[in-house]
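The values are calculated or read from the model by the stated rules, or taken from the named source; none is laboratory data. Model, not experiment: these values are computed from the prediction. Note that we place each Cβ from the backbone using ideal geometry, even for glycine, and neighbour counts take in every protein chain shown.
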Amino acid sequence: MALVTEVLEWLQNLPQPALVGATGGLVFLECTIGLGFLAPGESGLLIAATTATTVARFLILWAVVTVCAVAGDSIGYAIGKRWGPRLRETKLIQRYGVDAWDKATGILQRRGAWAVFFARFLPVVRTLTPAAAGTSGLPYRKFLPAAFAGAFCWSLLHISLGAALGEAAKRIEGILNTGGLIVVGVLVAVALFFLLRWKKKKTMKAVDQDSDARTNS
């Protein structure tokens, strides 16, 4: 059995509650300020999404990831509201995300709640935007719907992409395996063709030489 198929089947055979819970946890951590730089939430979601081979699995993963993303964003918002502009001067932001922080605050100033929605699709910026929203004084009643809509669409996109990639990987691997057999078959046929042709020429040459010898004698 091919390697990709084995890995995908191994993932699909894992206990679904544990897999979904771990994925939701990674997304939650990525969406919480200070942890988003460490937790590979997006990568983990794409990998877990390859197991969404049924409608039920797809919907459960979608719901859990959406809720976890909104929960992480809400904590980030609360941190921003509590600590305010001082967050920009923390060692973590200074080391990993000053540019992203400034970009997030700039977008919030121009777009308001829409920035919360669109920032969900921007790496790094999405980790800092909730805290920047809390710092900027954006009301939570405006923040929450935008955060939910962003998480809803982002998770749908990535789960769909992961599920499609998983299926495509199996098909491509199957095609490559079949194609490999075809190529080997063609090469063998070509080799046999030239081998038989070479033997035929050799035989004809031997016959001609024998005929010439008889004629000369």
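Side notes on the structure shown:
- Selection count where residues are within 20 Å of residue 28 (Cα to Cα) and not β-branched (Val, Ile, Thr), scope the stretch 102-153: 28
- Hey, residue 144 over 25 Å from the mean Cα position of the chain (by Cα), in a loop (DSSP other than H, G, I, E, B) and of a type in the set (A, V, I, L, M) or not: no
- The listed residue being at pLDDT below 70 and not polar (S, T, N, Q), out of 36, 41, 80, 25: 36
- A single entry from 162, 137 fulfils the requirement of being within 22 Å of the chain's Cα centre (by Cα) and either modelled with pLDDT under 85 or surrounded by fewer than 19 Cβ atoms within 10 Å (Cβ to Cβ) (or both): 162.
- Boolean, residue 147 is touching an Asp or Glu at 6+ places or on another chain (Cβ under 6 Å) and buried (at least 19 other Cβ atoms within 10 Å of the Cβ): yes
- Output for the stretch 48-77, where each listed residue is farther than 19 Å from residue 141 by Cβ, buried (at least 19 other Cβ atoms within 10 Å of the Cβ) and at pLDDT below 90: 48, 49, 50, 51, 52, 57
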